[in-house]
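Scroll down for the structure; my scribbles are underneath it.
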Amino acid sequence: MSDGPWAFDAWNELRPGPRFSLADLDTSATPGFSGGSTKAGHLLAEIGEATSDLQERLYAHGRSGGTRSVLLVVQGMDTSGKGGIMRHVVGMVDPQGVELHAFGVPTPEERRHHYLWRIRRALPLAGRIGVFDRSHYEDVLVVRVDRLVPPEEWEKRYDEINAFEDEVVGGGTTIVKVALMISHHEQYKRLHQRLERPDKYWKFNPDDVDSRAKWPAYQEAYQAVFERTSTDVAPWHVIPADEKWYARLAVSQLLWQALVGLDLDWPSAEFDVAEQLARLEATGT
Ligand code: ADP
């Protein structure tokens, strides 16, 4: 990896290995970073600038017939900070080049189709950064935990998802999958805070307490996701997210690394530069 503002190989360091156990993850850790939130904020701004520059190259390539794109998939329990990632990380780059999709409970129309139908329709165009706030992984998370389909149905989805992502990557999209992981107690604190402050009530959803009551089943479902869908073509990155600033820093680093990995130069001019300069001069200064 080339060194950017933060010389931390988040891409490899945050990948769950073959013996990864979610139960043993320290969600309050800040791997690769020893400073606090202030220092992280400065670093985040620097990574943002570097990312912005690379995004412009990606966009320029898309405009010149390039086929590459990036897809950031963000998963996590309620209150894990997905919204903050959207604002603080995705918000650092030019909105013109970003396609953001949030996936909620499927609409009646979506329900009439295969679960990947709505996902395929939301894949980023060439030159863009697609962002999924929740994703097809809900179809092996909430769907599994709430038994919305029989086990034999969700069981086969892991392989199906791997095949789907393989196809997407084959088409030129780099997939960055991040899972924001908080502790049970941290979630309690965040939900409690939403109930303490009138300016946070709007964020509180009584359903979140129901999901919280199923914490162990969700942990099990996430563990299965990491074991079965962290492939070489589209690996997972498990982000300790009790410290919001760390999660933002780590995700911005991953996005930056993905863009660096595209290894894009500025596209060459499709016109004769000298000729166009001469034409411009001829119109007067
Ligand atoms: P958020 O909680 O991310 O702020 P919402 O309040 O809109 O956003 O919640 C989205 C809800 O949609 C979540 O409870 C999530 O579990 C649910 N959901 C997403 N995808 C599916 C799916 N495929 N099947 C059932 N429920 C889903």
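The values are calculated or read from the model by the stated rules, or taken from the named source; none is laboratory data. From a predicted model like this one, the values you see are computed outputs, not experimental measurements. Heads up, the Cβs are rebuilt from the backbone with ideal geometry, glycines too, and the neighbour counts pull from every protein chain shown. Calculation scope for accessible area: heavy atoms of the full protein, side chains included, ligands and nucleic acids excluded. Shrake-Rupley method; radii C 1.70, N 1.55, O 1.52, S 1.80 Å.
For Ala102, the residues whose modelled amide H falls within less than 5 Å of its own, excluding neighbours fewer than 5 places apart on the same chain, are Asp133. Placing a pseudo-label 7 Å from each Cα along the Cα-to-Cβ vector at Asp3 and Glu227 gives an inter-label distance of 4.0 nm. With both labels modelled 7 Å from their Cα along Cα-to-Cβ, the Ala60 to Asp199 distance reads 4.1 nm.
Straight-line cross-link partners of Lys214 among the lysines, defined as a Cα under 21 Å from its Cα and at least 8 positions apart when in the same chain: Lys82, Lys189, Lys203. Cα centroids of the stretch 79-131 and the stretch 3-62: 20 Å apart. For the stretch 10-265, the Kirkwood hydrodynamic radius from C-alpha pairs, put into Stokes-Einstein at 4 °C and a viscosity of 1.567 mPa s, yields a diffusion coefficient of 69 µm² per second.
The slack in the chain from Ser52 to Ala217, taken as 0.36 nm per residue of separation less the alpha-carbon distance, amounts to 55.5 nm. For the pair Asp26 and Glu281, a Förster radius of 41 Å applied to the C-beta separation gives a FRET efficiency near 0.05, rounded to the nearest 0.05. Accessible surface computed residue by residue for the stretch 10-265, with neighbouring protein chains in place and a 1.4 Å probe, gives 47 Å² per residue.
What the phi angles of the stretch 65-82 give under the Karplus curve with 6.51, -1.76 and 1.60, with θ = phi - 60°, is a coupling list of x, x, 10, 7, 7, 10, 10, 9, 9, 10, 10, x, 5, 4, 6, 6, x, 4 Hz, glycine and proline written as x.
With r defined as the distance between the Cβ atoms of His114 and Asp207 and R0 fixed at 35 Å, what FRET efficiency is calculated, to the nearest 0.05?
The formula returns an efficiency of 0.85 here.
Need the full-extension length gain, Glu155 to Arg121, defined as separation in residues times 0.36 nm minus the C-alpha distance. One decimal, nm. The span from Glu155 to Arg121 would gain 9.9 nm if fully extended.
Computed from backbone phi with θ = phi - 60° and the Karplus coefficients 6.51, -1.76 and 1.60, the 3J(HN,Hα) list for the stretch 56-61 is 5, 4, 4, 4, 4, 4 Hz; x is used for glycine and proline.
Dipole magnitude for the chain: computed about the Cα centre from +1 point charges on Lys and Arg Cβ and -1 point charges on Asp and Glu Cβ, it is near 880 debye. Nearest 10 degrees is fine. How inclined is helix 273-282 to the longest principal axis of the chain, computing both from alpha carbons? On a 0 to 90 degree scale, this one is about 60.
Quick one: which of 63-72, 101-110 comes out on top by average Cβ neighbours within 10 Å, and what's the full order, highest first?
On the way: 63-72: 18.8, 101-110: 12.3.
The most tightly packed comes first, giving 63-72, 101-110.
Sorting the segments 264-277, 8-21, 82-95 by their residues' average number of neighbouring beta-carbon atoms within 10 angstrom, most packed first, yields 82-95, 8-21, 264-277. Take every Cα pair under 8 Å whose residues are at least 6 apart in sequence, average their separation, divide by the length of the chain, and the relative contact order is 34 percent. Residues considered: Arg128, Arg157, Arg111. Largest GNM mean-square fluctuation over the chain, using C-alpha springs under 10 Å, is found at Arg111. Can you show me the helix-derived [θ] at 222 nm for the chain, built from DSSP H runs with n ≥ 4 at -39,500 (n - 2.57) apiece and divided by the number of residues, rounded to the nearest 500. The helix contribution divided over the chain gives -14000 deg cm²/dmol.
Derived scalar couplings between HN and Hα for the stretch 94-100 equal 4, x, 4, x, 10, 10, 9 Hz in order, rounded to whole Hz, by the Karplus curve 6.51 cos²θ - 1.76 cosθ + 1.60 (θ = phi - 60°), x for Gly and Pro.
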